[in-house]
1. If I model a spin label as a point 7 Å beyond the Cα along the Cα-Cβ vector, how far apart are those points for residue 80 and residue 96 in nm?
2. What is the extension gain from residue 16 to residue 57, computed as 0.36 nm multiplied by their sequence separation minus the C-alpha to C-alpha distance, in nm to one decimal?
3. Mind sorting out which of (1) 19, 15, 14; (2) 38, 21, 16; (3) 77, 22, 12 is the real semi-axes √(5λ) of the Cα gyration tensor in Å computed from the coordinates?
4. Could you do me a favour and compute the accessible area per residue for the chain, 1.4 Å probe, result in Å²?
5. Determine the share of the chain's accessible area contributed by carbon and sulfur atoms, expressed in whole percent, with a 1.4 angstrom probe.
Amino acid sequence: MGGTDTMMLDPDAAATADDLRLAGYKARFSGNVPSNLTKGTGTDLSAVIFGAWADLLIGQWGGIDLIVDDVTEAAKGNVRLVAHSEWDIAVRHAESFAAIQDARTE
């Protein structure tokens, strides 16, 4: 049986973001995952995280503090808004997630 050279995940082939699939599961892209990793002689490698995202717990503690700073940028006629909030992230089951840190994404 002969093999073919095909992409596992091709964002250009999906009609919408909801159509993007990897091994039959919905796939998404994020700038929060590093794409400048190295391994051996490989460079500019990316991390890939596969998981049961329902097992990722995200909690916000308290409200959002908003500070209006009309002094720092006053010489430029600007008002600076600073927002502060506290969040925590945990996984319910570590075995629900897997990651690789040497994916070629070219």
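1. 3.9
2. Stretched out fully, the residue 16 to residue 57 stretch lengthens by 12.1 nm.
3. Calculated semi-axes √(5λ) of the Cα gyration tensor in Å: the matching label is (2).
4. 85
5. Ligands and nucleic acids excluded, carbon and sulfur reach 54 percent.
The values are calculated or read from the model by the stated rules, or taken from the named source; none is laboratory data. Since the model is a prediction, treat every value here as computed from it, not as a measurement. Positions of Cβ are backbone-derived with ideal geometry, glycine not excepted, and every protein chain shown enters the neighbour counts. We work out accessible area using only protein heavy atoms, side chains counted, and drop any ligands, DNA or RNA first. Shrake-Rupley method; radii C 1.70, N 1.55, O 1.52, S 1.80 Å.
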